[in-house]
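K.L.:
Take this structure first; my questions come after.
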Amino acid sequence: KKVGIIGLSVGQSIALTLAMERGFGELRLTDFDTLDLSNLNRIRTGVHNLGIKKVVIAAREIAEIDPFLNVTCFDQGMTEENMDDFFTKNGKLDLLIDECDGLDMKIISRYKARELGIPVLMDTSDRGMLDVERYDLNPRMPILHGLIGDLDPKSISALSNEEKIPIVLQIAGAGQISKRGKASMIEVGQSISTWPQLASSVVLGGAVAADVTRRLLLGQFNDSGRYYIDLEELIGDKEEIVNKTSSLRPNPFVPLTKDVLDGMLAKLPVNAVDPSVLQLDLAQLHSIIDAANAAPSTGNDQPWKWYYKDRTLYLFHDQYRSFSFGDYRNIASYLTFGAVYENLVLAAQKQSVEVTAQLFPLGKDECLIASFQFANKPLSLAEPHVNNDLVDHIYTRYTNRTLAPVKEVAAHVLNDLKKVTESLPGAKLSWLTDPTQINEVGKIIAACDRMRLLNEEGHFDFVHREMRWTPKDAEDTRDGIDTLTLGLNTPQLVALGIIKDYKVIDFINSIKGGKVFEAATGRSVSLSSALGLITMPSISPEQYILGGRSYERMWLAAEKHGLAMHPVISPLYFFPRLLQGNGDGLSAENVEELKILRERFKRIFNLQDGLAEVFLFKIAYADGPGRQSLRIPVEQVLYTDK
């Protein structure tokens, strides 16, 4: 039988085991690489062989075991020029064993094996996984069990190790990789240069592959599939040892019901309603609320409930929906309600309906946020008509994370956005257009993004509260962030999935890793045309709500100008914990790092203490992903007294 082995790290262990068993008639070995010091944790040889071709080292070892074994060496590695010789010269291979690192050749060799009807084995070391593809029995079976689709191998030959990770995850099956394997993928290019292999896994792979090779060639094994000899799973503590108690806080809130809202409204003083106040019909009410609900919210959590009673529309904060690490002291929710407020006013005024609003009728410790009354003529304290043209962009406004080459935004456009933002009294918009400053703030944002993902509560929010990992999940819940709106391709989405398991994150924390989480943010911010920061004069719930109105005006105006808007607000979620909460919920390391980041942030934006920093965002020119986050239907969040 003729057996070919591509790649001689794991491949050396397989070759030597086959040689000891005399498990072949001819063995063809191919590898272009020479022995390096870093290979000695998995290749059975000595320092005297450093700098010698791996294929020569393996062939010499086999010759010392049995000089009569037939071994053919291809010391230039597998190439398109020598592939036919490797597969067919002096007789076609009976089995191909793939242990090469080159993803392009891994795929090309399988196409060749399938064409010739040659079965393929592959050992991956992680969890002792052995992959079997029986192209001899099923010449139509998809390459790598269909995990990579129709990926063109030429498109990946020039990728860096970091760029190859999403494809490696697809090939390995992201959901089946070990905790340490996933952590290693995250750390490639950071604390490690490439994905690691150890002698114990390599030797195990040699034994398993040699055993399966023997049985396959003897016709005793005829299946395709993936098989795991996971030593940590087979030999481990019989009872899981819990090293630490979860720090996750249970959600202390329950969804708001009509009875609860009635009880809150009963606390309000009874005042006669002005006879000029309109009784909105249901269609008009739905139309206005639907526009209000199109406002952005953190993680698209939509923390609102509405109650229309006695010609008054009440807006409540449903804290069951917003309870999260990111909504510290309800700041994120207050900003959301400001955006809701702005949309409601614009939508009502478009229908020639005047709006009178009152904030916090029950005080800031209650979940009643605001009340609204409507009339056909201006009432006292009615909302002024400001930027009414923005109403046409309520339903086209969305977060656009698509990356594109930097294109300068004209000064008159930036000035118009500033004017619109500051049309709300007290609001101030500061711009950064210098690439050096943008990159500096990008590093601050990236560090905060990393801290959030490595924080147990922050990680839980991202994985379980915010992300909708399938289109069905997004459609069923109609909240959260559909992963298809992130502008990622399929391999990148697979890579994103490896951080879902907090055990992986916990392990990364233990080795003080995770710098890779900064890379995507840093690159995204570096491609900004400008960064903007909106502030209000003081810190209070009312000021955050008003700040939410100002940023919604700006966002709608940005949409009018054809700009891609992307909030990058993680620093504004962390800084209040540092400044107002004395590091509440943060590790000592986080606190010390945030102090440094905060000073850099203040210096770049020339900030004074005591301001409410309400919105940090990037703008650019880019095509959109073509999908918007969904909203819960009005009828599910609105109660009436009828």
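The values are calculated or read from the model by the stated rules, or taken from the named source; none is laboratory data. Source: prediction; values computed, not measured. Positions of Cβ are backbone-derived with ideal geometry, glycine not excepted, and every protein chain shown enters the neighbour counts. When the accessible area is computed, the model is the full protein with side chains, heavy atoms only, and any ligands, DNA or RNA have been set aside. Shrake-Rupley method; radii C 1.70, N 1.55, O 1.52, S 1.80 Å.
K.L.:
What net charge do the residues around residue 470 carry, taking every other residue with its C-beta under 11 Å from that of residue 470, with Lys and Arg at +1 and Asp and Glu at -1?
P.N.:
Result for the neighbourhood of residue 470: -2.
K.L.:
Roughly what % antiparallel, to the nearest 5, for the DSSP beta bridges in the chain?
P.N.:
DSSP beta bridges in the chain are roughly 65 percent antiparallel.
K.L.:
How charged is the neighbourhood of residue 274? Take every other residue with its Cβ under 13 Å from the Cβ of residue 274, and add Lys/Arg as +1 and Asp/Glu as -1.
P.N.:
0
K.L.:
Still on this structure: So how much slack lies between residue 379 and residue 238, counting 0.36 nm per residue of separation and subtracting their Cα-Cα distance, in nm? Mind showing how you got there, number by number?
P.N.:
Working: separation 141, 0.36 × 141 = 50.76 nm, distance 7.25 nm.
Result: 43.5 nm gained on full extension.
K.L.:
Right, next: Which lysines, if any, have their Cα less than 26 Å from the Cα of residue 258, not counting same-chain residues under 8 positions apart?
P.N.:
By straight Cα distance, residue 258 reaches 267, 305, 309, 364, 642.
K.L.:
Note the full-extension length gain between residue 63 and residue 22 as 0.36 nm times their separation in residues minus their Cα-Cα distance, in nm to one decimal.
P.N.:
13.6 nm
K.L.:
Shifting gears a bit: Placing unit charges on C-beta atoms (Lys and Arg positive, Asp and Glu negative, everything else neutral), compute the dipole magnitude of region 578-642 about its Cα centre in debye, rounded to 20.
P.N.:
Numbers: 9 positive and 10 negative charges, 56 e Å.
That gives region 578-642 a dipole magnitude of about 260 debye.
K.L.:
Hey, got the Cα dimensions of region 238-340 along the principal axes, in Å, largest first?
P.N.:
72, 28, 24
K.L.:
Here is a further query. Report the charge-dipole magnitude of region 338-411 in Debye, nearest 20, computed about the Cα centre from +1 at each Lys and Arg Cβ and -1 at each Asp and Glu Cβ. Walk me through the numbers before you get to the answer.
P.N.:
On the way: 6 positive and 8 negative charges, 39 e Å.
Taking the Cα centre of region 338-411 as origin, the dipole is about 180 debye.
K.L.:
Using only Cα positions of the chain, each an equal point scatterer, no hydration layer, compute I(q)/I(0) via Debye at q = 0.11, 0.12 Å⁻¹ and quote the log10 values to two decimals.
P.N.:
Log-scaled intensity ratios, in q order: -1.05, -1.17.
K.L.:
Here is a further query. Which far-off residues, 5 or more places away or on another chain, put their amide H under 5 Å from the one on residue 369, with H placed in the peptide plane?
P.N.:
It is 315, 316, 317, by chain and number.
K.L.:
Could I ask something else about it? Contour minus end-to-end for residue 279 and residue 515, with contour as 0.36 nm per residue of separation and end-to-end as the Cα-Cα distance?
P.N.:
Values: separation 236, 0.36 × 236 = 84.96 nm, distance 5.64 nm.
So the chain would gain 79.3 nm between residue 279 and residue 515.
K.L.:
Rounded to the nearest 500, what is the chain's calculated 222 nm mean residue ellipticity when only DSSP H runs of at least 4 contribute -39500 (n - 2.57) each, over all residues?
P.N.:
So the calculated ellipticity at 222 nm is -12000 deg cm²/dmol.
K.L.:
May I pose another question? For a Förster distance of 56 Å, can you work out the FRET efficiency between the beta-carbons of residue 262 and residue 227, rounded to the nearest 0.05?
P.N.:
Between residue 262 and residue 227 the formula returns 0.35.
K.L.:
Counting only protein heavy atoms and using a 1.4 Å probe, what share of the accessible area of region 436-538 belongs to carbon plus sulfur, as a whole percent?
P.N.:
54
K.L.:
Amide H neighbours of residue 72 under 5 Å, counting only residues 5+ apart in sequence or on other chains, H built in-plane at 1.01 Å?
P.N.:
Amide H neighbours of residue 72, under 5 Å, 5+ apart: 27, 28, 29.
K.L.:
Could you give the nm distance between label points at residue 73 and residue 599, where each point is 7 Å from its Cα heading toward the beta carbon?
P.N.:
Modelled inter-label distance: 6.0 nm.
K.L.:
Continuing with this model, one more query. Using Cα atoms only, what is the angle between the long axis of helix 570-579 and the major principal axis of the chain, expressed in degrees (0 to 90) to the nearest 10?
P.N.:
Here the helix axis deviates by roughly 70 degrees.
K.L.:
I've got another one for you. Explain nothing, just the number: dipole magnitude of the chain about its Cα centre with +1 on each Lys and Arg Cβ and -1 on each Asp and Glu Cβ, in debye rounded to the nearest 20.
P.N.:
440
K.L.:
Let me ask you something else. Accessible area per residue of region 1-60 at 1.4 Å probe, in Å²? Provide the component values of the computation, followed by the final result.
P.N.:
Values: 2360 Å² over 60 residues.
For region 1-60, the solvent-accessible area averages 39 Å² per residue.
K.L.:
Another one. Which GluC sites (Glu not before Pro) from region 5-113 combine a DSSP loop assignment with at most 12 other Cβ atoms within 10 Å?
P.N.:
Here the GluC sites (Glu not before Pro) that fit, given the DSSP loop and packing criteria, are 80, 81.
K.L.:
How big is the Rg/Rh ratio for region 453-530, C-alpha atoms only, Rh by Kirkwood, two decimals?
P.N.:
For region 453-530, the value is 0.99.
K.L.:
Over 26 Å apart: what share of the alpha carbon pairs of region 257-412 falls there, rounded to a whole percent?
P.N.:
32
K.L.:
For residue 552, what is the net charge nearby, where nearby means another residue's Cβ is under 10 Å from its Cβ and Lys, Arg count +1, Asp, Glu -1?
P.N.:
Net of charged neighbours comes to +2.
K.L.:
Please give, to one decimal in nm, the separation of the simple spin-label points placed at residue 85 and residue 636, each 7 Å out from Cα toward the Cβ.
P.N.:
Computed distance between label sites residue 85 and residue 636 equals 6.5 nm.
K.L.:
Okay, moving on. What's the angle, to the nearest 10 degrees (0 to 90), between helix 331-350's Cα axis and the longest principal axis of the chain?
P.N.:
It is inclined by approximately 60 degrees.
K.L.:
Taking R0 as 22 Å, what's the FRET efficiency between residue 422 and residue 609 from their Cβ-Cβ distance, rounded to 0.05?
P.N.:
According to the calculation, E is roughly 0.55.
K.L.:
Oh, and also: Per the 1.4 Å probe, what fraction of the accessible area of region 101-238, in percent, lies on carbon and sulfur atoms?
P.N.:
C and S fraction of accessible area: 51 percent.
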